[in-house]
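Each remark here refers to the structure printed beneath this line.
The values are calculated or read from the model by the stated rules, or taken from the named source; none is laboratory data. Just so it is clear, the structure is predicted and the values come from calculations on it, not from any experiment. Positions of Cβ are backbone-derived with ideal geometry, glycine not excepted, and every protein chain shown enters the neighbour counts. Areas reflect the complete protein model, heavy atoms only, side chains present, ligands, DNA and RNA absent. Shrake-Rupley method; radii C 1.70, N 1.55, O 1.52, S 1.80 Å.
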Amino acid sequence: MTKFLQKFCFLLLLFSFNTSFSQKVKERPVDLVYPLVDAANSRWFFFNSASRPFGLVNLSPDNAINADWNAGYRYNLDSIKCFSHLHGWQLSGVPVLPTTGEFKGHLGSEQYGSKYSHEKEIVKVGYHKVFLDAYQITAELSSTTRVGFHKYTFPKSAQSQILFDLSTFLGPSDTDKGGIKKVSDREIEGYAVMGKTARRPKTLTVYFAAQFDKPFESIKGWRNGKLEEFLSNEIEGERIGAYVSFATQTGEVRKMKVGISYVSEEQARLNINAELPHWDFEKCVRDSQEDWNSWLSKIEIEGGTETEQRRFYTDLWHALQGRRIISDVNGKYIDNTGSSPRIGQIPLNDKGKPKFNHYNSDSFWGAQWTINSLWHLVYPEVSEEFVNSMLLMYDDGGLIPRGPAGGNYTYVMTGASSTPFITSAYLKGIKGFDIEKAYEGMRKNHFPGGLMSKAGYEHHTFKGGGIEHYIEKGYIPHPLSTIRYGFHQDGSAQTLENAYQDFTLAQMAKKLGKTDDFELFTKRAGNYKNIWNPNIGWMWNRTLDGNWQEPVDILLYDNGWVEGNAAQYTWWVPHDVNGLAKLIGGREAFTKKLNESFEKASKHDFVSGKSHDKELNREFRRVFINYGNQPCIPTAFLFNFSGAPWLTQYWTRQVIDKVYSGLSPEFGYSGDEDQGLMGSLAVLMKSGLFSTNGGTSTEPYYEISSPIFNKITFNLNPKYYSGGKFTIEAKNNGLNNYYIQSAQLNGKALDKPWVLHETVVNGGKLTLNMGKKPNKKWGIKPEQAPPSMTMD
C-alpha cells in the first residue's frame with residue numbers, strides 16, 4: 001500500500017470516528033419514559049416500574065396500602081410498607097419485604113416498614129431500586145409478565161429475613177385468609193384470599209410460588225400478631241404470615257422469584273419455569289426494556305423538545321398498562337362468573353400455545369375516544385385479544401363485560417361500553433374472533449337483562465340502567481327512582497351513552513346485513529334529542545312524567561350526569577355532531593357556544609384540579625370543560641364538524657400544554673390516568689389524529705388536529721395492515737405555529753380535516769403545512785366536515 005493511500009485511509013477513518021461521536025446518540029423510546037409522572041397522586045393501580053406490557057405482575061414499592069385511592073406508590077410519602085406484586089383493577093396481593101435484626105413483621109407494616117430516600121432511588125421502565133434505611137438493604141425489582149424478580153443486597157447480619165404478609169389490607173381489598181407452605185429450603189408456596197369490594201362482589205384467590213437462589217436456614221410464621229412455630233411446614237388461616245431467615249455477610253446478594261397465578265400454586269410455579277428459568281437479574285432487566293422498546297417503537301417521532309418527546313413515550317407507555325393479563329402461560333384462567341370458582345382453558349393453537357390472553361380491566365367507558373383509536377391502529381393484535389377475552393367471559397357468564405376483575409363481573413360505570421370497542425375493531429378489519437357470537441352478545445347488552453339494564457356496580461338487580469324507559473319513552477328519567485340500585489344512576493348521561501352505543505351497534509348490523517336491527521338501533525340512536533331542552537339551550541334532565549327537572553343548574557355535578565354536569569354532557573353526541581349543531585341553531589351557533597365554553601375553561605387550565613383530591617372539591621367541579629375525566633374528551637375536536645377546524649387546532653394545543661405536558665411527580669393526568677385511557681388520549685392529541693365517534697362508522701375515519709412533533713411515523717402491523725408505515729409530517733411546526741395552512745395526502749391536496757382509516761392503514765404520508773395564523777378557509781365547508789349520522 002502506498003504512503004499516500006495509507007494516509008488517505010487514516011484520515012477517512014479519523015473523519016468517520018469524529019463524525020460518529022459528534023452526532024448525538026439517539027436514545028431508545030424506552031429510555032425516554034419517565035415513570036414518576038403524577039406519582040404523587042397515584043391510584044392503587046396507576047404506578048408502574050417493574051412490569052411488562054399488560055403484565056399480570058406489576059411489582060413496585062407501596063408507600064400506602066389500605067385504600068384504592070391514594071395508595072400504592074406515593075412519591076411524597078417517606079416510608080415503604082412493602083413490595084407487592086399485583087396492582088390492578090380491584091386486584092392486589094402478595095406483599096413482601098426484606099428485613100434485618102429482631103423480627104417485627106408480625107406487628108404490621110406500620111412497624112416493619114422502612115424509611116427511604118429518593119436520593120438513593122432509581123426508577124426505570126422494568127426496574128426499581130430503593131435503599132431501605134431501617135435495614136440497610138438495597139432492594140432491586142424487575143419482572144416478566146407473570147413473575148416478580150427480586151435482588152436484595154444485605155448488610156452483615158445474623159438475623160436477615162424476607163417476610164410474606166397475608167394479614168394486611170392491601171389496596172382495594174382486605175386479605176380474608178391465606179396459607180403458606182415450605183416446599184424446600186429454597187422454595188415456599190401459598191395463597192391469599194383477597195376479600196370482596198364494593199366493585200368486585202366476590203373474593204379472589206391469589207396463588208404464589210417463591211423460589212430463592214440460596215437456601216434459607218429456617219421458616220416461621222405469625223397469626224393475629226403473635227409469632228408461632230411453623231408446624232408441619234405450613235401455616236394457614238386468618239391474619240397469618242411467614243418469614244424465611246438466614247445470616248448474611250456484608251454485601252451479600254440474595255435473589256427471589258415470585259410467580260403469580262389465579263389458578264393454583266402449581267400454575268404459579270409453571271409461570272416461573274416458563275418465563276424465568278435463570279437467575280440473571282440484569283438479563284431480566286435488559287429483556288424487560290427490550291420488550292418495552294419494541295412496543296414503544298411502533299410510533300416514531302421527530303422534533304419537539306426533549307421534555308415533549310419524553311412525555312410522549314411516557315403517555316404511550318401508560319397506554320399499555322393497567323389492563324392486565326389474568327391467564328397463565330399455558331392458558332388456564334379462573335372463571336368467577338358462577339356460584340363458585342371454575343378453572344377454564346383458553347383454546348390452544350397448533351403449537352399448543354394459548355390463542356390469546358385473558359384480561360382484567362377497568363371500564364371501557366371513554367375507551368371509544370382513546371384506546372379504540374390507538375390500539376386498533378398501532379396494536380391491533382392487542383385489540384383482537386381483548387375482544388376474544390370478552391367473548392370468553394360471555395361464554396362463561398352470559399354477558400360481554402364492561403370491566404371484569406379477576407373473572408368477576410363488576411358492572412363498573414354505565415351502558416354497554418364494550419360495544420364501540422368491538423364494533424370499531426371489526427369495522428377496521430380486525431376480525432380474528434367469532435363475529436356472530438360478538439354481535440349476539442352485544443345485542444343482548446342493549447336490551448333488558450343486558451348491561452344497559454344496570455347502573456354502576458349494580459350486582460344483584462337489572463333496574464338501575466332504566467333501559468325499559470329508554471326503549472318506551474326515548475330517554476331515561478332522572479331521578480329514575482327513590483331506590484339507588486347502584487352507582488352512577490344518572491339518567492340523562494345514560495340516555496346519551498345508550499344513544500351513541502346504539503349507533504355503533506347499528507353500524508355493525510348494517511355491515512352484517514341485519515337490516516331490521518340497523519333500522520331499530522339507528523332510530524334509538526336519535527334518543528339524545530329527547531333530553532335537549534330548547535328553553536335553556538342545554539341538555540337537561542327529564543323526570544318520569546316527561547317534565548324538565550327544576551331547578552335548573554347546568555354546572556351541578558352528577559345529578560343526572562355521570563362524573564360530569566349538563567354543560568359538559570351537552571356536547572356528548574359523538575355519533576351525530578351535525579344533528580346536535582342543528583338543535584343548537586346551526587354551525588355558527590354551535591361554534592360560538594362551544595368556543596365560549598373553552599374560553600371559560602382556559603381560566604382553570606381545562607381541568608377541575610391537578611390531582612384527584614382537588615377534583616373532589618365541589619366548586620372545582622362547576623366547570624364547562626374538564627379534561628381530567630372522560631366525558632369532555634372529544635369536545636376540542638368538534639370544531640372540525642362545525643366549519644371551524646382552526647379552533648380544533650388551537651384548543652387541542654392549549655389542552656396539551658396545560659393538561660398533558662411536563663415531567664413531574666406532582667402532576668400529569670390530574671390524578672387519574674384511568675388504565676391507559678388518558679395516556680392514549682395524550683398520544684392521539686400529540687399525533688394530530690382523533691376519532692370522535694370512536695371509529696364506528698361503516699367507513700371509519702380520523703379527524704386531523706395539530707400535532708406537536710415535526711414528524712410522526714406509525715409502523716403498522718403487517719398481519720393486519722398492508723401499508724407498512726403511515727407518516728404525518730408537520731412542516732414549519734413550532735410552539736406558536738399550530739395552525740394548518742394547507743395539507744397534502746400522498747402528494748395530493750387535501751381540503752378536509754379528516755382521513756379514512758383505510759387510507760391510513762394502506763400506508764402513505766399526510767403533510768401539514770403549519771403557520772402562526774389560522775387559515776379560516778381550509779376545511780370549512782359543510783361537505784368537507786367529517787360524517788355524522790345526520791347529514792345536510
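Using modelled amide H (1.01 Å from N, peptide plane; none on Pro or chain starts), what sits under 5 Å from the amide H of residue 742, excluding residues fewer than 5 places away?
Result for residue 742 returns 769.
Keeping the other protein chains in place, figure out the carbon and sulfur percent of the accessible area of the stretch 530-665, with a 1.4 Å probe.
48 percent
Rank these residues by their accessible area, most exposed first, probe 1.4 Å: 502, 291, 350.
Ranked list, largest accessible area first: 350, 291, 502.
Calculate, for residue 536 and residue 618, the FRET efficiency according to 1/(1 + (r/R0)^6) with r their C-beta to C-beta distance and R0 25 Å; round to the nearest 0.05.
The value I calculate is 0.70.
Give the value in nm², to one decimal: projected area of the alpha carbon convex hull of the stretch 661-792, averaged over all directions.
Computed as one quarter of the Cα hull surface, the answer is 9.9 nm².
Pairs of Cα atoms under 8 Å, at least six residues apart: use those to get the relative contact order of the stretch 380-513, whole percent.
24 percent
Would any residue of the stretch 138-169 have its amide N under 12 Å from a label point 7 Å out along Cα→Cβ of residue 214? List them or say none.
Hits in the stretch 138-169 for residue 214 at 12 Å: 152-161.
What's the center-to-center distance, using Cα atoms, between the stretch 601-673 and the stretch 85-105 in Å?
36 Å
If a/c stays under 1.5 just call it rounded; otherwise compare a/b with b/c (prolate if a/b is bigger, oblate if not). Do that for the stretch 407-456, with a ≥ b ≥ c from the square roots of the Cα gyration tensor eigenvalues.
The shape class here is prolate.
For the chain, what is the largest minus smallest coordinate of the Cα atoms on each principal axis, given in angstrom and ordered from greatest to least?
For the chain, the Cα extents along the three principal axes come out at 93, 80, 55 Å.
Per the helix-only calculation at 222 nm, which mean residue ellipticity applies to the chain, given -39500 (n - 2.57) for every DSSP H run of n ≥ 4 and division by its residues, nearest 500 deg cm²/dmol?
About -8000 deg cm²/dmol.
Given a Förster distance of 60 angstrom, what is the FRET efficiency for residue 722 paired with residue 111, based on the Cβ-Cβ distance and rounded to 0.05?
The formula returns an efficiency of 0.50 here.
State the percentage of accessible surface on the stretch 243-385 attributable to carbon and sulfur atoms; use a 1.4 Å probe and exclude ligands, DNA and RNA.
The C+S portion of the solvent-accessible surface of the stretch 243-385 is 47 percent.
Amide H to amide H under 5 Å from residue 175: which residues, 5+ apart in sequence or cross-chain, H placed 1.01 Å off N in plane?
168, 169, 170, 195
Given charges of +1 on the Cβ of Lys and Arg and -1 on the Cβ of Asp and Glu, with all other atoms neutral, how large is the dipole of the chain about its Cα centre, in debye to the nearest 20?
Charge dipole of the chain: 1720 debye, to the nearest 20.
So, R0 is 45 Å and r is the distance between the beta-carbons of residue 472 and residue 306; what FRET efficiency does that work out to, to 0.05?
0.20
Could you please state how large a percent of the accessible area of the stretch 76-209 is carbon and sulfur, counting protein chains only and using a 1.4 Å probe?
Looking at the stretch 76-209 in its full context, I get 44 percent from C and S.
Tell me, what is the 1.4 Å probe accessible area of residue 287, in Å² to the nearest 10?
50 Å²
Provide the solvent-accessible area of residue 684, counting protein heavy atoms only and rolling a 1.4 Å probe, rounded to the nearest 10 Å².
10 Å²
How far is the Cα center of the stretch 134-180 from the Cα center of the stretch 370-418, in Å?
Using only Cα atoms, the two centres lie 32 Å from each other.
Excluding ligands, DNA and RNA, what is the solvent-accessible area per residue of the chain at a probe of 1.4 Å, expressed in Å²?
Ligands and nucleic acids excluded, the figure is 36 Å² per residue.
If you split all Cα-Cα distances of the stretch 247-345 into 10 Å bins from zero, what percentages do you get per bin, shortest first?
Here the calculated profile for the stretch 247-345 is 12, 27, 29, 22, 10, 1.
Working out 0.36 nm times the residue gap between residue 133 and residue 233, then minus their Cα-Cα distance, what length gain in nm do you get to one decimal?
Taking 0.36 nm per residue and subtracting the Cα distance, the gain is 32.8 nm.
In terms of Cα to Cα distance under 24 Å, which lysines are near enough to residue 26, apart from those fewer than 8 places away along the same chain?
Straight-line reach from residue 26, under 24 Å: 124, 283, 298, 686, 711, 725, 731, 765.
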